[in-house]
Amino acid sequence: MTEILALDGLVKRFGSRTILDGISLNVSAGEIVCFVGPSGTGKSTLLRCINGLEDIQGGRISFEGQAVQGNPSAIRAVRKRVGMIFQHFNLYPHLTALQNVMLAPVVVHKEAKAEVEARARALFDKVRLAHRINAYPAEMSGGEQQRVAIARALCTNPHLLMFDEPTSALDPETVGDVLTVMRDLALEGRTMLVVTHEIRFAADVGTRMVFMDQCRIVEQGDPRAMVAGAQTERARKFLGTIHG
Amino acid sequence: MGYSFTLRTIYPYFGDLWQSALNTLSLSLLAIVLSIALGALVALMRRSALRPVRLLGAAYVEVMRNTPLLVILYLVYFAAPEAGVRLSSFMAALVGLTLNSAGYMAEILRAGLIAVPPGQFEAAQSQGMSSAQVLRHVVFPQVFRTIYAPLGNQVIAVILASSLATAVALDEVASWMQTVGSSSFRFFETFVVAAVVYLVLCQSVNIARILIGRKLFPQGRRA
Ligand SMILES: Nc1ncnc2c1ncn2[C@@H]1O[C@H](COP(=O)(O)OP(=O)(O)OP(=O)(O)O)[C@@H](O)[C@H]1O
Ligand SMILES: [Mg+2]
């Protein structure tokens, strides 16, 4: 399998506080890596370091062989190939759903509008929102907004998708719609990093589970095996509490 | 002591008034547009990662807010030629009014920038947009929406402040008022007419602003 992402001894500090303390991780094409762990252990920060939203204080990140840290144009080149989905969607409120999805392909990737629109419309079918194409974010439910956000990330043909608790801000009845779309993406063989508290989703869909606690990766392995019985005490305890 | 209000004496001067009103209007509109651009620059400076740049932006705002417009106009029109910069009355008035208004615009725009959630910057950056693209396509449209109502006050303030341009010999409404008043001796009438012209100008521009706003931001949409 081709390696897509390599983290080597990643260190992240905010001031004097260490948030990530030597994270090493390799991700190959087609993997679906689910990150779980207690609140405040740096899962979001880890994703944000990967696409350069946060700078790092030590270690190396390389995406498809290209260093992420350092010069802004290298960071932008990486961002063009990584789609990110946020907990609070972060759709552009002044644009319609369709315009949200089309913006980056047109202005960043300089693609022809007609081509982008055709692709965007197909994506709205995929996320089952063809009927909401002209709605503004404020007119949509959380679940709808998150599916638009997924379409927005997909429209730039990313090589990696990163989800940061994509269903945590949703009403229970709309969580399923978003997870269904994410399952479809997994079936397409997309490479995905997913920070989630949806343990069942992680076990069903994930190819690997990474348990983080106190700034480090404590344990990683097959998601089903870890849910059934993790090696470490901490992971076992955490997965036990969250599983109910 | 009956004072009889009559416009008959100043009637012949109404032809000049039209031209003066056009000067007031074009001066004000240009100053508004230019000061939004300059104000945006200053507002961005105040958010810079570099402290000296932030301080420079803050200093600009304070200097402009604490200097009478009349003094700025005199500096641009009478003092700048000493330094080799000679401007026409219109250009001097435009520069002075723009510099002054930009101080206030910067504060309005700064409030608008603060209102854009950090997640908007992050979403745009994570899509690979350059800083300029983030501002142009994601941030400024939202800022503009936020400041559109508060902008109304500043628009009117600029139109009224443009009356000081008479001090740099520009033929605008206030200078019409002074000239016609002193040559016709119908001061009261000219003052009233000038006040009405300012009222009409301000209200026309304001109503135009509101109508454009309805087109730009249709109801039922929070943008
Ligand atoms: N900009 C920042 N400045 C200072 N500290 C920060 C900043 N962002 C995050 N932190 C701190 O870093 C730590 C890790 O935060 P992070 O959001 O990555 O955790 P998380 O694992 O995603 O938690 P959660 O499950 O609650 O989302 C937290 O203690 C947080 O307070
Ligand atoms: Mg988080």
**Prompt:** Does anything in region B:74-91 have its amide N under 12 Å from the 7 Å Cα→Cβ label point of B:ALA169, and if so which residues?
**Reply:** B:77-78, B:87-90
**Request:** Mind checking the full-extension length gain between B:SER88 and B:VAL53? Use 0.36 nm per residue of separation minus the Cα-Cα distance, one decimal, nm.
**Result:** 9.4 nm
**Item:** Separation of the A:ALA122 and A:GLU173 label points, Cα + 7 Å toward Cβ, nm
**Value:** 3.4 nm
**Request:** State the three equivalent ellipsoid semi-axes of region A:1-137, derived from the C-alpha gyration tensor as the square roots of 5 times its eigenvalues, in descending order and whole Å.
**Result:** 31, 17, 15
**Cα-based Rg / Dmax (Å) for region B:1-89** = 20.3, 68
**Request:** Express in nm, to one decimal, how much length is gained between A:ARG216 and A:THR241 on full extension, taking 0.36 nm for each residue of separation and deducting their alpha carbon distance.
**Result:** 7.0 nm
**Prompt:** So what is the calculated 222 nm ellipticity per residue for the protein assembly as shown, using -39500 (n - 2.57) for each DSSP H run with n of 4 or more, over all residues, to the nearest 500 deg cm²/dmol?
**Reply:** -17000 deg cm²/dmol
**Message:** Counting just the Cα atoms, what span does region B:41-135 cover along each of its three principal axes? Round to the nearest Å and put the largest first.
**Reply:** 51, 23, 22
**Item:** B:LEU30-A:ARG234 FRET efficiency (beta carbon distance; Förster radius 60 Å; 0.05 resolution)
**Value:** 0.35
**Asked** Convex hull volume of the Cα atoms in the protein assembly as shown, per residue, in Å³?
**Response** 208 Å³
**Asked** If you count, for each residue, the other Cβ atoms within 10 Å and average over each peptide, how do A:191-200, A:123-132 line up from highest to lowest?
**Response** A:191-200, A:123-132
**Fill in**
Note to self: Kirkwood Rh of chain A, Cα pairs, one decimal, Å, is 18.5 Å
**Request:** Can you spot the lysines whose alpha carbon is less than 27 Å from A:LYS43's alpha carbon? Ignore those fewer than 8 places along the same chain.
**Result:** A:LYS12, A:LYS80, A:LYS237
**Asked** So what's the gap between the Cα centers of region B:65-96 and region A:80-116, to the nearest angstrom?
**Response** 46 Å
**Item:** Whether region A:158-213 is rounded, prolate or oblate, judged on the alpha carbon gyration tensor where a/c under 1.5 counts as rounded
**Value:** oblate
**Message:** How long are the semi-axes of the equivalent ellipsoid of region A:184-244, defined as square roots of 5 times the Cα gyration tensor eigenvalues? Whole Å, largest first.
**Reply:** 20, 12, 10
**Prompt:** What's the FRET efficiency of B:ALA37 with A:ASN71 using the Cβ-Cβ distance as r and R₀ = 25 Å, to the nearest 0.05?
**Reply:** 0.25
**Complete:** In whole Å, largest first, the alpha carbons of chain B cover along the principal axes 73, 50, 28
**Fill in**
Partner shielding of B:113-126, as the mean number of partner chain Cβ atoms within 10 Å, equals 5
**Asked** What FRET efficiency would be calculated for the residue pair B:LEU199, B:THR67, taking the C-beta separation as r and a Förster radius of 35 Å, to the nearest 0.05?
**Response** 0.80
**Asked** Using alpha-carbon positions, what is the distance between the centroids of region B:13-30 and region B:150-223, in Å?
**Response** 10 Å
**Request:** Using a cut-off of 12 Å between beta-carbons, work out the net charge of the residues near B:GLY119 (Lys and Arg +1, Asp and Glu -1, B:GLY119 not included).
**Result:** -1
**Prompt:** What's the local net charge at B:PHE14, with K and R +1, D and E -1, over the other residues with C-beta under 12 Å away?
**Reply:** -1
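Computed from the coordinates by the stated procedures, all read-outs in this text should not be read as laboratory data. Keep in mind that what you see is a predicted model, and the values were worked out from it rather than measured. Reconstructed Cβ throughout: ideal geometry from the backbone, glycine too, with neighbour counts over all protein chains shown.
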